[in-house]
Amino acid sequence: MPIQLPLPYLAERLDLSRAEFRRGPIDEPFIFKAIEEFSRSAQTLSRIAQERDIITIIGSARDPKRNPALIKPYEDTVWTSKMLRLEGKAIITGGGPSIMEAGNRGCFLAEQQLGWRSMGYSIGCPIKLPNEQSGNKFLTEILDFNYFFPRKVGLSYFSRAILIEAGGFGTIDEFAEFLSLAIRDPDKRQLFIFADPKFGEPVVEAVKGVLSHAHTRNEVDQIFRRVVIAADRHDAFEKICLFCDKHSSERSYFRRFETLAEDAFDDLVETSERLSGFLDFRKRILREVNLREGSAGKLADKFVTFSGHSAQDGSLDEARRLGRMLGGRLVPTLAVGDSDLSTAFFEGAREAGGIPARLRMADESYTANGVDEITYRLPCVGEALATKNSARGVFGAPRLDDFARAMEELVLMQTHKAPVAPRVFMGEHIWKPFRDFAYKTLYQTFGTISGRDVDLMWIAGDHKKAIRQVMQRKVA
């Protein structure tokens, strides 16, 4: 049962305590390592980007020897990468096995053909994962990463084109995140191209279907105007070369990354201090009124996050009710974004006395008002910290950045970078078609995820089912 709070006294203490707010401790190893990865990759990739176009290839890490459906995509990726390198392009991948290895292998074979003076443009960005080897054997430039978000920026920021091959949740996460980063910068000229229509068409259809619940049709079309599904492998190669030729003079753009790294450091420190400070502040207030954390148990040091943008079909009421139920249980809640749906969740938790927080992007028209309003300036930082501080998450109808964060949280559990815990996708009409796509296309057709990976998506039709799923202590 929800805990009955002394709401008038608690509200009074909240008002009085705003001046008592103190910044909390930060995860210094995380921040300094992340910025080091930002800067180190920038130094290498900006130098290469001044010389030639970089093409990013993303795709599955599953072994083709165990998954026959990936044998042809592997061979085709080797061919495409080799042809692109012979055209003078540099190739960058995640540096891992399977399709990533194929991208580096094709580039490596081309460099052997061109001679030793052409070496150094088969670039990999392997990430350290539990029980997995780091880096494939066809890399001539290695940039190691511990964290996903600086790796994503490195993989996408300096690239002229993103070639999307067959993959799983990780590939879709990278596709959505890279596209989100490109859209935020109107000066950026970047092509997103699916080389295989058998993979590209269902992916685009599924992602468009999810986004259509939070965007208008015109907005969805604008998001995907950079995205092309090639007729075949040769068509993909030709389109990439034509795009690069058209924009080959636009290289000074990449010099701006140094400012981005400096801003990222300041933003990471500032936002981390405020998030941890809020959790400390919250515990202090609860101790003053002699209340313990509710049925959330070990969630006291992290949040249940909520994000979403749809205000259709009574979803505002559902979000508010969910906020009330979590707030009434004294679960630490974090509403991500400034949408009507996140606002309804935030207000619901506050009405129940749950002391929620909100994390949103700062802009000229908005200034944080109080300790429970936490802002960030760089989207990649805000999304990374929302994910890092999320013990469990609820996703309503997403915009593109919310969708990317939902996929990233699945990938973190899938790769054992985060413990398996409920990630609830609220709205069967919104998320069930995407889950069906994941099962049919990613699992059954291409084998790039497992059935257990599909089961990581918990779909709730209403707030009552969502609360039961969020409060699950044991996850299979």
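Values in this text are rule-based calculations from the coordinates and carry no lab data. The structure presented is a predicted model; accordingly, all values stated were derived computationally and were not measured. Every residue, glycine among them, receives a Cβ derived from its backbone with ideal geometry; neighbour counts consider all protein chains shown.
Values computed for the structure shown
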quantity	calculated
Förster radius 60 Å - calculated FRET efficiency between Glu351 and Gln113 (Cβ-Cβ, nearest 0.05)	0.35
By average C-beta atoms within 10 angstrom, highest first, the peptides 345-351, 383-389	345-351, 383-389
In order through the range 301-309: 3J(HN,Hα) via Karplus (6.51 cos²θ - 1.76 cosθ + 1.60), integer Hz, x for Gly, Pro	9, 9, 10, 8, 8, 9, 8, x, 9
Label corresponding to mean projected area of the Cα convex hull in nm² when calculated from the structure given, among [x] 36.9; [y] 21.5; [z] 33.2	[y]
Per-residue ³J(HN,Hα) for the range 327-344, Karplus 6.51 cos²θ - 1.76 cosθ + 1.60, θ = phi - 60°, Hz, x for Gly and Pro	x, x, 8, 6, 6, x, 10, 10, 7, 9, x, 10, 6, 4, 5, 5, 5, 4
Where labels lie 7 Å past Cα in the beta-carbon direction, separation of Lys440 and Asn218 in nm	3.1
In nm, spacing of pseudo-spin labels at Glu205 and Lys137 (7 Å Cα→C-beta vector)	4.0
Over the range 30-258, relative contact order from alpha-carbon pairs under 8 Å, at least 6 apart, %	22
Ordering of 320-329, 94-103 by packing [mean C-beta count within 10 Å, highest first]	94-103, 320-329
Furthest towards positive pole of dipole, Ile240, Leu191, Ala34, structure part the range 30-258, Cβ charges	Ala34
Relative contact order (%) - the range 85-144, alpha-carbon pairs under 8 angstrom, separation at least six	38
Distance between modelled label sites at Asp185 and Arg468, nm, 7 Å Cα→Cβ extension	4.6
Helix-derived mean residue ellipticity, 222 nm - over the chain, DSSP H n ≥ 4, -39500 (n - 2.57), to 500	-16000 deg cm²/dmol
Taking the chain and dividing mean pair separation by its residue count, relative contact order in percent (alpha carbons under 8 Å, at least six apart)	17
Whether the range 425-476 is rounded, prolate or oblate, judged on the alpha carbon gyration tensor where a/c under 1.5 counts as rounded	oblate
In degrees, nearest ten, helix 28-51 long axis to first principal axis of the chain (Cα)	30
Pairs from Lys152/Lys188; Lys388/Lys465; Lys33/Lys128; Lys128/Lys152; Lys65/Lys89 whose Cα-Cα separation, in the structure shown, is over 18 Å	Lys388/Lys465; Lys65/Lys89
